[in-house]
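Beneath this line is the structure, given in structure tokens, with notes to follow.
Rule-based calculations on the coordinates, nothing more; no lab input. Keep in mind it's a predicted model, so treat the numbers as computed, not measured. Cβ sites come from the backbone with ideal geometry, for glycine too, and all protein chains shown count toward neighbours.
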Amino acid sequence: MSILPSSSHLEIKSFYAAQDSLAFHDACSIRYNVFVVEQGFSPDNEFDKIDETCVHLLAYQVSPAWGAGRSVPVGTLRVHQVLDSAVAKIGRVAVMKPHRNQGIARQLLSVAEDVARSMGLTQCILHSQLEKRAVYEKFGYRLMEDAQDQQHFNENLVSYDGIGTADLEDRRGQFLEEGVWHVKMYKDIL
Ligand SMILES: CC(C)(COP(=O)(O)OP(=O)(O)OC[C@H]1O[C@@H](n2cnc3c(N)ncnc32)[C@H](O)[C@@H]1OP(=O)(O)O)[C@@H](O)C(=O)NCCC(=O)NCCS
């Protein structure tokens, strides 16, 4: 259940970490709460070098009832170009528990695709926790292993994107990251 007034609405901000340290702090705080506290992932792996160069999105709930300038950070993700490819990788998609099932992840994904398009990129990929794949399927993402047309995939991307990295154990397109089964998904955003 939402703890927010019914008049509240969502605003999504995009930024680089160095540009907006307050927003970056809010995004990290959501990720810490969701991935480290709630899901038990290691804090050492949660934050990395990609955070310095990627575009971060932060969703705020805003309500006129709270007065000017008052807002609550409720969700985040990050998006970055994969090497020199035409592919954007979306990651760290997290929405605070009391604010789930209100379309926040969907809106974040939509803005992430706009960001990728603005960079001239034509495809988004992500690693979904196996249990969460329906969230992305509903927004048009497909399992990479289902792809009929292998031209969708850039060879460099596949080697960059996980196969062979530590803590990885392939099982028919599924792989382990920190003990949780994941699948690779993609969406063309032309
Ligand atoms: C997964 C998560 C980001 C979804 O965020 P959300 O804001 O609740 O998602 P939305 O409300 O935008 O839901 C989009 C669609 O996915 C569905 N959905 C949401 N959570 C789902 C879940 N856990 N399993 C299956 N479907 C789900 C919704 O019903 C909705 O479908 P609809 O459009 O038919 O109504 C959020 O639950 C979360 O932060 N979980 C913990 C962190 C996590 O697991 N992140 C993903 C890592 S891959």
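Miscellaneous remarks
- Rough spin-label spacing in nm, given labels placed 7 Å along Cα→Cβ, for Thr122 and Lys97: 4.4
- Only Cα sites of the stretch 48-130 enter the Debye sum here, all with the same form factor; the resulting log10 I(q)/I(0) across q = 0.21, 0.22, 0.26, 0.27 1/Å is -0.98, -1.04, -1.27, -1.32, listed in q order.
- Fully extending the segment from Val180 to Gln129, taken as 0.36 nm per residue of separation minus the present Cα-Cα distance, adds 17.7 nm.
- Straight-line cross-link reach from Lys89 at under 22 Å between alpha-carbon atoms covers these lysines, not counting any fewer than eight positions away in the same chain: Lys13, Lys49, Lys132, Lys138, Lys184, Lys187.
- Among Met119, Met96, Met185, the ranking by other beta carbons within 10 Å of each residue's beta carbon, starting with the fewest, stands as Met119, Met96, Met185.
- The gain in end-to-end length when the Ser110 to Val36 segment is fully stretched comes to 24.1 nm, 0.36 nm per residue minus the alpha carbon separation.
- Additional length obtainable on full extension of the chain from Asp44 to Asp188, 0.36 nm per residue less Cα span: 48.6 nm
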